[in-house]
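Have a look at the structure below, then the notes.
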Amino acid sequence: MNKETLVFAPLLDGFHESEPLRYRLITVLRALPIEVQRDFIDDPRFRIIKLRRRTAADAPLLALPTADGRGSRCVVLKPRLADCSESFGLYVIAHELAHAFLHNGPWGEFTDREEAADALAESWGFPRPEHLMR
């Protein structure tokens, strides 16, 4: 494990035997601006987990963030992100991390949360794949 990956080690718990999902997650984390990386690493409420089962009863219970930003900041990634195309997997990971960074809110001129997450993910180098465009 290189020095850069060690910095992200706390965020990679649960992904040790999840290639290529782990590789895709590291690829996105490395591409994020340093202030975004620091925001995630320094916030004890932030974590990334892999969904282990497909039933609703096994879904993780997460505290919703409150208006003051308190509560969970958790990104849940599905294992099937390891089986899809690389560009789609990287986009989804970046999109979900963008939601977390924005506390599921707007960004700049984008008031719609989904558009904001898409725009921020694209600014990080992970545009929405063409086949998903309307």
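Since every read-out is calculated from the coordinates, none of them should be taken as a lab result. These numbers come from a predicted model, not from an experiment. All Cβ positions, glycine included, derive from the backbone under ideal geometry; neighbour counts span all protein chains shown.
Side notes on the structure shown:
- Summarising the amide proton neighbourhood of residue 78: residues at separation of 5 or more, or on other chains, whose placed amide H is nearer than 5 Å comprise 51.
- Residue 77 sits among other residues whose Cβ lies under 13 Å from its own Cβ, and their net charge, with Lys and Arg +1 and Asp and Glu -1, is +4.
- Distant-in-sequence amide contacts of residue 48, defined by a placed amide H-H separation under 5 Å and a gap of 5 or more residues or a different chain, comprise 75.
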